[in-house]
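Colleague: Please find one structure pasted underneath; my questions will follow.
The values are calculated or read from the model by the stated rules, or taken from the named source; none is laboratory data. Model, not experiment: these values are computed from the prediction. Ideal geometry is used to build each Cβ from the backbone, glycine not excepted, and the neighbour counts take in all protein chains shown. Note: accessible area is taken over every heavy atom of the protein model, side chains too, but ligands, DNA and RNA are not part of it. Shrake-Rupley method; radii C 1.70, N 1.55, O 1.52, S 1.80 Å.
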Amino acid sequence: MKVDKLLTNRLLLVSIAAVAAYWLTGAIVPGPVMTTIVGFMLLAFGGLTFAYYARPAYGVVVLGHRSNFEADGARWSHLGVYGAWLMSAGAVWSGIFRLVWVYHGTPDAWTGTVYSAFGSAIMAVGFLLMYFAPQSTEKGLRMSGTLWVAGAILLGICAGFLFGTQLKPIPDTPLLSKISRGAK
């Protein structure tokens, strides 16, 4: 690809400018402010996508709607709808969690909990479903390979386990105990 084509590619240029703006802003603004900005962005954009895919996802998950077109794996197209909705649900959860976390003074006991990771977990499942959804190619629809996914999941579990064994346990604090038992 020629340089002149790259310089006229507006999507590429806007993407580079957005990443640069993020890092420049992050270098200037204190951490909680940046976390709040990103939290609002996740809540806003994730919320819009959540609302957009809510009806089709309801149809897929609750009502059992599936594609009538069965050729070349199209019967799995509902996974794309559900995956997009799950990714947006994870973004909404993550946005809300970040905002509440900053509001409460960024307590250390909240980080590394199942509550702080829940949005990411939902998004990870959404990405997996998007991966399994059929992809349109010149030759028609094709399904993604499951062997790569199985390998990635196994690698992720092993890496997470090995990394987790290297961490020191978090000392039990009254707030952590309250969070792990559920606030009462």
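Colleague: For residue 2 and residue 65, compute 0.36 nm times the residue count separating them, minus their Cα-Cα distance, and round to one decimal in nm.
Modeller: 18.1 nm
Colleague: What distance in nm lies between label points placed 7 Å from Cα along the C-beta direction at residue 158 and residue 25?
Modeller: Rounded to a tenth, the inter-label distance reads 4.0 nm.
Colleague: 7 Å from Cα along Cα→Cβ at both residue 117 and residue 10: what's the point-to-point distance in nm?
Modeller: Calculated label separation equals 4.2 nm.
Colleague: Turning to a different aspect of this structure: Taking a probe of 1.4 Å, how large is the accessible area per residue of the range 1-134, in Å²?
Modeller: Result: 66 Å² per residue.
Colleague: Using DSSP to define loop residues, name the chymotrypsin sites (Phe, Trp or Tyr not before Pro) in the range 4-104 whose beta-carbon has at most 15 other beta-carbon atoms within 10 Å.
Modeller: 69
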